[in-house]
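**Student:** Structure in C-alpha cells, see below.
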Amino acid sequence: MNDLGQASANAFELLLSGNNDIWEIISLSFGVSFSAILIATPVALIIAFFLAFFQFPLRRTLISLFNTFMSVPAVIIGLTLYLLLSRSGPLGDLRLLFTSKAMVIGQIMLSFPLLVAMAHATFQAADRRAWETAITLGATPWRAFPTLMYEVRFGLIAAIVAGFGRVIAEIGCSMMVGGNILHSTRNIPTAIALETSKGEFAQGIALGMVLLVLSLSLNAGVSVFQGKGELRT
C-alpha cells in the first residue's frame, strides 16, 4: 500500500507540475483520436442514414458487415494496416508507417463501424414524421437531413462518444502502426503499457487518471445534455 500511495502521489505531482513528456503524450493522444473521430463521423452518419431510410440491394448485407466489424479486435486492424503500409506492402511508398497519420487511419478504421452501427440504430428508432414533414414542406433531402439529425441528436452524440471512447483507449493498433516512438507516436495507452512494464508506475497511474477523468467527463456531459433535452420535451 505504501508503494501504491507513493506512486499515486508521484502521479499527481507529474500532472500538476506540467511535466513536458506527460503532457506531450496526452496532447498527441487526444489530437490523433479527435482527428480520427472528426474525419470518420460525417461519412458514418450519412451511410447510417441511407441504411436506415432507403431500400437498395445488399442493404442488409452492409448492415451485417458493419455490425460484425464493430467487434473486430484493434490488433487485427493494426496488423492489416501494418501489412498495407510496410515497405513491401501496396501502400509502402506513402511512408506512413510509424507516424501519427498512420495512427489516425487506424483509429478511423476502428471507430467507423461502431459509428455507423450505432447511428443506424438511432436513425431507425427516429420518428419518420420529422423527415416526411420536411420533405412535404419542400425541403431537399440534404436540407431535411440536419432536421432529422437534430431530432435524434442524443443518440448520435452517444454514438460519437462511444466511438471516441473506443479509440482513445485502444493499444493494439496504435502500437503496431505507430511504434510507440517517444516525441512522435507515443500515446496514452502505449505509454501506460511501456512504463508499467518498466516498473515506472507513477507515469502509468498519471496517464490512467487522465483516461478516467476523460471517461467520467464524457459520460457526465452526455447525461447532463440528455437531461436538459428531456426537460424541454
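**Student:** Among what's in the stretch 40-60 and is among the aliphatic types (A, V, I, L, M) and over 15 Å from Pro146 (Cβ atoms), pick the residue that is surrounded by the most Cβ atoms within 10 Å (Cβ to Cβ).
**Tutor:** Filtering the stretch 40-60 for residues that are among the aliphatic types (A, V, I, L, M) and over 15 Å from Pro146 (Cβ atoms), the one surrounded by the most Cβ atoms within 10 Å (Cβ to Cβ) comes out as Ala44.
**Student:** A further question follows. For the stretch 164-196, name all the residues that are in a loop (DSSP other than H, G, I, E, B) and without any contact (Cβ under 8 Å) to a residue 40 or more places away in the chain.
**Tutor:** Asn180
**Student:** Is it fair to say Asn187 is modelled with pLDDT of 90 or more and on the phi > 0 side of the Ramachandran plot?
**Tutor:** No, not satisfied.
**Student:** Among the helices (runs of 4 or more DSSP H) lying completely within the stretch 1-116, list those that include at least 3 residues that are touching a helix residue (DSSP H, G or I) at 6+ places or on another chain (Cβ under 7 Å) and closer than 29 Å to Leu207 by Cα.
**Tutor:** Here the list reads 2-16, 20-53, 74-85.
**Student:** Please find, within the stretch 50-78, the residue that is modelled with the highest pLDDT out of those that are among the small types (Gly, Ala, Ser) and closer than 16 Å to Ala117 by Cβ.
**Tutor:** Going through the qualifying residues, I end up with Ser64.
**Student:** Kindly provide the set of residues from the stretch 122-148 that are without any contact (Cβ under 8 Å) to a residue 60 or more places away in the chain and outside any helix (DSSP H, G or I), ordered by number.
**Tutor:** Scanning the stretch 122-148 gives Ala125, Asp127, Leu137, Gly138, Ala139, Thr140.
**Student:** Also, quick follow-up: Check off (1) part of a loop (DSSP other than H, G, I, E, B); (2) under 19 Å from the mean Cα position of the chain (by Cα); (3) surrounded by fewer than 23 Cβ atoms within 10 Å (Cβ to Cβ) for Val161 and give me the number that stays unchecked.
**Tutor:** (1) is the only condition that Val161 fails.
**Student:** Continuing with the same structure: If I filter the stretch 205-223 for residues that are at pLDDT 90 or above and touching a Pro at 6+ places or on another chain (Cβ under 6 Å), do I get at least one hit?
**Tutor:** Within the stretch 205-223 (the criterion being at pLDDT 90 or above and touching a Pro at 6+ places or on another chain (Cβ under 6 Å)), the answer is no, since none of the residues qualifies.
**Student:** Among the residues of the stretch 78-111, write down those that are farther than 23 Å from His183 by Cβ and under 15 Å from the mean Cα position of the chain (by Cα).
**Tutor:** Ile108, Met109, Leu110, Ser111
**Student:** A follow-up question, please. Does any residue in the stretch 149-163 that is free of Cβ contacts under 8 Å to residues at least 60 places away in the same chain and among the β-branched types (Val, Ile, Thr) come within less than 9 Å, Cβ to Cβ, of a residue that is in a helix (DSSP H, G or I) and crowded, with 17+ Cβ neighbours inside 10 Å six or more places away or on a different chain, and which pairs are these?
**Tutor:** Qualifying pairs under 9 Å: Val152/Ala119; Val152/Thr122; Val152/Phe123.
The values are calculated or read from the model by the stated rules, or taken from the named source; none is laboratory data. Nothing here was measured: the structure is a model prediction, and the numbers come from that model. For neighbour counting, all protein chains shown are included, and Cβ atoms are generated from backbone atoms with ideal geometry for every residue, glycine included.
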